[in-house]
Amino acid sequence: MKEQLKIDFNKIQEVSNFSNKDIEIKKSYLNKFIENGFPNRKQENWKFLDINQIISNNIPDLSFYNDYSIENKIDSSIFIDDLEHNKIIFINGGIEKIDFSYEDKKQIEIIEDSYTIDKSENNNSLIDLNIALSNKHFKILIKKSYSLKKPLIIYHLTNEKMKSKNINLRLDFELEQNSSLKLIDFFSDDSEKNFMNIFYNFNLDRDAILKNYKIDRSLNKNLKYSFNNINQKQNSISETFVFSAGSDYFKNEINCNLKGEYSSAFINGIFSLDDNKQHEIRTTINHLVENTKSYQLIKSVLGKNTKSAYQGRIYVDSKAQKTDGYQLSKAILLDETSEFNAKPELEIYADDVKCSHGSASGSLDDNSIFYLMSRGLNYKQAKGLLINGFLLDVIEKITDAEIKDLLKKMIGLKK
Amino acid sequence: MDTREKDIENLKDYKYGFTTDIENIKAPKGLNENVIKFISNIKKEPKWMLDFRLKAFERFKLLKEPDWQKPKYPKIDYQDLYYYSAPKSMKDKPKSLDELDPKLLETYNKLGIPLQEQARLNGIAVDAVFDSVSVATTFKGELTKHGIIFCSMSEAIQKHPDLVKKYLGTVIPSTDHFFATLNSAVFTDGSFVYIPEGVKCPMELSTYFRINASETGQFERTLIIADKGSYVSYLEGCTAPMRDENQLHAANVELIALDDAEIKYSTVQNWYPGDENGKGGIYNFVTKRGLCKGKNSKISWTQVETGSAITWKYPSCILKGDNSIGEFYSIAITNNYQKADTGTKMIHLGKNTKSKIISKGISAGFSDMTYRGLVDINSKAKNSSNYTQCDSLLMGNKCGAHTVPYIKNKNFDSNVAHEATTSKISEEQLHYCQQRGLNPEEAVGLIVNGFCKEVLQQLPMEFAVEAQKLVGISLEGSVG
């Protein structure tokens, strides 16, 4: 793999026009990645699902170079019709279209950025890989007091031209004071056996609001990793929702740094898995100043041969008095081959805080099934009703009514 | 002065901090095959025991000291420790208590341990371990009547080699982790208990551990076997003198419960915690593991951890037999610069197994406390359930409280529930108590005792009183 990496790295440098300085930086990250390799279960964060093993089992012939000069047709049938929206379209990792037709162009800036690399130490070798190999890198800036009129949907599409490839994507979002953005990541794949590595960085200034919904619904055999880093200033709000179902492997990592007072972070997630799927959500909420709040709710419904993992960490700095932190993860195991893992972690250094977490897992409640069947439903209907009710709880946490409806329709909770 | 105040006055400084001036026999400093042979030789052990030790030592050489734990400590130089230290007068073991060195008896009297016959009224059989060797076991006659074996490990190796050979290292194999393997190589003494089939042990069995000599590590090994349908309740207490250096305590405790047997293991750990600046104190790195081997067996761990500079232990249950039950009740209190990383592991292998974890952590001063636990439900463990509750209480903003539970559920018939909260004592509760005439310290004591009640209730009577006092004392000076 090392040789392949080096060859592909050189190929990428040949076709792109990075400055020498950028190439140097990228090279250093490449070397760091080569040294550490893909993360494995020896690392605490990868204990439950070992990506190194999963990649070598599923994509033994992984390569890293993608030819973006090939023309791709945009299949408009997959667009979401029920909702007027702005679009960014990625096909096979290459950016095809940026369309902010509903917005005031003066209020949004799209900057083709050179590398503003986060200097903070990261021990995540997938981020190293991302920085080393990602191609064009955009930064979307939303100016002061501007709220996007319509949500932005980022379509992550792949087609059959791609196989055994690694895609690295990076986007930066800068939300200036009092601005707001609703962002939907929509995944749709017609390819198989690829590994996508997506890295978003959000900076939220005072009073900014970010709502990010990630929807991975269509069944596919790709492996995905997504990392959201969110820095929040005073009074800002971030809401992240993850619907994790379609890919063979999907790990969502969300890292929130609550750096301003009265800032808050909400993370809600659903795993709805069947047939050999392995998904994970890992969150880290860093409460760094007083009066910050975080809330997390993760629910799993697990079918045959599936595995889900939730690792949630709440860190409360000694300065962060009056923190309110809450974590809840629940799972329903439907089959004897399904498996649920959780590690809800609290790390607390301040005394005037309210932090709690809960985790529960088990099978469907027999009494509830009996109750419903005694009222005339058959077993399948009763089971479906209970599962829908279980998941609806999470959907109801979505604060945007339009998107809530959209999701309910997608999941089949509403006609 | 009322009694409570008097207690506090007495115990304000670490009451057990005295040393006993007694002549010791020590093994040469350092860790090598010769030292292991020395230990084995002085204890007149059979060859299989020496082989067991040497095998463990071979393995030990390959192992790396773990470093994933939360409390970090300066590197221990394992070559700079004495691995064997025994009172000289114990070289030829005394036949009865009358032959015991009076100084030793005095020490145990100071500690309040009833070694002498007049303490018969207490009705607890005690095995006292001083530094590395067991010095006395009381109530032998009464226990023998029931066929119960309660003696030191060295004695058991001599007199009951079959039992020891059969069970030693079956729960904690000598190839386990770093400290367990070290213990397997150099363990010196400890208690051995065997309860025969169908016997309910008529009294509480108790071991009292005392580290006296300096630069010594204490490596004791305890093995408790409850045969079919038997019951035993076992208590363990620990103290050590005040010293500036850190001392290592790495014990192994193995429990085995066969069909329908029940073992209740209670610990009040009050090793010297170091002074208020965090100097000195014991490193308590203990491996405790219980195996519910038979059907319907039950193992229950109760621990009150108030001492030690660093506590790092996870008393665990392997629920192998169908319908077996594992329980873990813990209070851990850290003050000043103490650190604790403790919790439990419940490994469900058999059908219909149940486990319950109640953990209460209190941290004050500059201390740091971590609950780390694992609940692992195997795919074959049909219809199992676990309930975990771990609560932490913080006093002051210089201390830390952390919760790191690992939950693995591989069986869809099983239920796992976990709850945890972290908070401080609410102003309202304090106000309420003070309004009714308690001073702030008493109010905190009352609230803390209430917070710990679920665990204190699990302790045998004699221990519960002591533990309750300890809880109050450990938090002394942390309010205000």
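Quick note: the coordinates plus some simple rules give every number you see, no bench work behind them. Everything numeric here is computed off the predicted structure, so don't read it as measured data. All Cβ positions, even for glycine, are placed from backbone atoms using ideal geometry, and neighbour counts span all protein chains on display.
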Using only Cα atoms, what is the ratio of the radius of gyration of the range A:60-192 to 2.2 N^0.38 Å?
-> 1.14
Averaged over peptide B:390-399, how many Cβ atoms belonging to another chain are found within 10 Å of each residue's Cβ?
-> 4
Where the only charges are on Cβ atoms (+1 Lys, Arg; -1 Asp, Glu), what is the dipole of the range A:366-415 about its Cα centre, to the nearest 20 debye?
-> 240 debye
Loop-resident sites, the range A:69-112, for trypsin sites (Lys or Arg not before Pro), counting at most 14 other Cβ within 10 Å (DSSP) | A:73
Hey, what's the per residue convex hull volume over the C-alpha atoms of the range A:1-146, in cubic angstrom?
-> 191 Å³
Loop-located chymotrypsin sites (Phe, Trp or Tyr not before Pro) in the range B:370-414, at most 12 other Cβ atoms within 10 Å (DSSP) | none
Proxy exposure order for A:164, B:474, B:191 (fewest C-beta within 10 Å first) is A:164, B:474, B:191
Hydrodynamic radius (Kirkwood) for the protein assembly as shown, which is based on Cα pairs only, to one decimal in Å | 30.1 Å
Neighbour-limited loop hits for GluC sites (Glu not before Pro), the range A:157-222 (at most 13 other Cβ within 10 Å; DSSP other than H, G, I, E, B) | A:160
If A:67, B:259 are placed from fewest to most neighbouring beta carbons inside 10 Å, the sequence is A:67, B:259
What ranking do A:41, A:282 get, fewest neighbouring Cβ atoms within 10 angstrom at the top?
-> A:41, A:282
Relative contact order (percent) for chain A, with alpha-carbon contacts under 8 angstrom and 6 or more residues of separation?
-> 9 percent
Taking the Cα-to-Cβ direction at residue B:446 and at residue A:161 and moving 7 Å from each Cα, how far apart do the two end points lie in nm?
-> 7.7 nm
Taking the Cα-to-Cβ direction at residue A:3 and at residue B:79 and moving 7 Å from each Cα, how far apart do the two end points lie in nm?
-> 4.4 nm
Would you mind pulling out the separation of the Cα centroids of the range B:306-351 and the range A:175-254, in Å?
-> 38 Å
Per DSSP H run of at least 4 residues, take -39500 (n - 2.57); add these up for chain A, divide by its residues and hand me the 222 nm value, nearest 500 deg cm²/dmol.
-> -6500 deg cm²/dmol
The size of the Cβ-based charge dipole (Lys, Arg +1; Asp, Glu -1) of the protein assembly as shown about the Cα centre, to the nearest 20 debye, is 1620 debye
Go ahead and collect, in residue order, the members of the range A:249-275 whose backbone nitrogen is under 16 Å from a label point 7 Å along the Cα-Cβ direction of residue A:177.
-> A:260-261
Residue A:111 to residue A:387: FRET efficiency via 1/(1 + (r/R0)^6), r the Cβ-Cβ distance, R0 56 Å, to the nearest 0.05?
-> 0.80
Enter the mean number of other protein chain beta carbons within 10 Å of the beta carbon of each residue in A:325-338, as an integer.
-> 3
Along the three principal axes, how long is the range A:2-260 when you take its alpha carbons, biggest first, rounded to the nearest angstrom?
-> 49, 41, 39
Between the range B:353-418 and the range B:28-85, the Cα center-to-center distance that results, in Å = 32 Å
Measuring from label point to label point, each 7 Å out along Cα→Cβ, what is the residue A:326 to residue B:158 span in nm?
-> 6.4 nm
Taking R0 as 25 Å, what's the FRET efficiency between residue A:400 and residue A:219 from their Cβ-Cβ distance, rounded to 0.05?
-> 0.45
